1. Are any residues in region 172-204 assigned to a loop (DSSP other than H, G, I, E, B) and more than 14 Å from residue 156 (Cα to Cα), and if so, which ones?
2. Please specify each residue of region 101-144 satisfying the condition of being assigned to a helix (DSSP H, G or I) and touching a strand residue (DSSP E or B) at 6+ places or on another chain (Cβ under 8 Å).
3. What residue, of 19, 55, 39, 27, is at pLDDT below 95 and more than 20 Å from residue 158 (Cα to Cα)?
4. I'd like the full set of residues that are surrounded by fewer than 23 Cβ atoms within 10 Å (Cβ to Cβ) and free of Cβ contacts under 8 Å to residues at least 60 places away in the same chain, limited to region 141-155.
5. Within region 159-168, identify whether any single residue is closer than 28 Å to residue 46 by Cβ, crowded, with 21+ Cβ neighbours inside 10 Å and touching a residue at least 60 places away in the same chain (Cβ under 8 Å), and answer yes or no.
6. Of all residues being surrounded by 19 or more Cβ atoms within 10 Å (Cβ to Cβ) and farther than 14 Å from residue 149 by Cα in region 196-207, which is farthest from the chain's Cα centre (by Cα)? Just the residue, please.
7. Consider region 81-90. How many of its residues are more than 13 Å from the chain's Cα centre (by Cα) and either crowded, with 19+ Cβ neighbours inside 10 Å or in contact (Cβ under 8 Å) with a residue 60 or more places away in the chain (or both)?
8. Please verify whether residue 201 is over 24 Å from residue 40 (Cα atoms) and modelled with pLDDT of 95 or more, treating the condition exactly as stated.
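The values are calculated or read from the model by the stated rules, or taken from the named source; none is laboratory data. Fair warning: this is a prediction, and the values are worked out from it, not measured in the lab. Positions of Cβ are generated from backbone atoms using ideal geometry, with glycine treated the same way; all protein chains shown enter the neighbour counts.
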């Protein structure tokens, strides 16, 4: 039996228009109603809520961890125009320069460093039999002190960053440590927590470039509100 033609669902939106910002606001209202906020303060909840919005994963409410100085360190670094280091070009492309410029107008795209696709990094990784992410961090070493580092992909990048902090005194202003996966992931995050560096992490195996970007954007909003 032939089914009657269906009306495409988009017509419901045509008939009751909602803008992008309105949809976002409704999404945040759903998150606020359904998520367990616990003891999160307003700044922490702004970040956690943005991570849940990015992933639709309510488990992140319990997995997001902040060092005590994460927000103050991030705000000071952004206002000073500190460079940013990303472990993937997805992060580099996803960061909103306009958000950075709201805190320091001097920010430009070239303030966001990412070397993982550089030819010399790829050649060294092939020669040494180690991941490119390790040598990409080493290449950026001179710019990492006082920077904001976003790790959303490669736990090896975070392990090397931890080593630079422990052995060579490299002290990023903030590390957003959200590598994703199964190998070296748990250890890299736990070592970061012991490093004494300001951090935001996701406990466990979850992570990813979109979440690292979302975290930074939310922290930019908090920093701008506190200015």
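1. If we filter region 172-204 for residues that are assigned to a loop (DSSP other than H, G, I, E, B), which is where we start, we get 172-173, 178-184, 195-198, 203-204.
Within region 172-204, 172, 173, 195, 196, 197, 198, 203, 204 meet the criteria.
2. The first filter runs over region 101-144 and keeps only residues assigned to a helix (DSSP H, G or I), leaving 101-103, 109-111, 119-128, 132-139, 141-144.
Selection gives 111, 137, 143, 144.
3. 39
4. Here is the first cut: in region 141-155, the residues surrounded by fewer than 23 Cβ atoms within 10 Å (Cβ to Cβ) are 141-143, 145-147.
Once the filter is applied, which keeps residues that are surrounded by fewer than 23 Cβ atoms within 10 Å (Cβ to Cβ) and free of Cβ contacts under 8 Å to residues at least 60 places away in the same chain, region 141-155 yields 141, 142, 145.
5. no
6. We begin by selecting, within region 196-207, every residue surrounded by 19 or more Cβ atoms within 10 Å (Cβ to Cβ); these are 197-202, 206-207.
When the remaining residues are screened for being farther than 14 Å from residue 149 by Cα, the result is 202, 206-207.
Details: 202: 10, 206: 12, 207: 9 Å.
Looking at the filtered set, the residue picked out is 206.
7. Filtering region 81-90 down to residues more than 13 Å from the chain's Cα centre (by Cα) leaves 81-83.
Subset that is either crowded, with 19+ Cβ neighbours inside 10 Å or in contact (Cβ under 8 Å) with a residue 60 or more places away in the chain (or both): 82-83.
So the answer is 2.
8. Values: over 24 Å from residue 40 (Cα atoms): no; modelled with pLDDT of 95 or more: yes.
So residue 201 fails the test.
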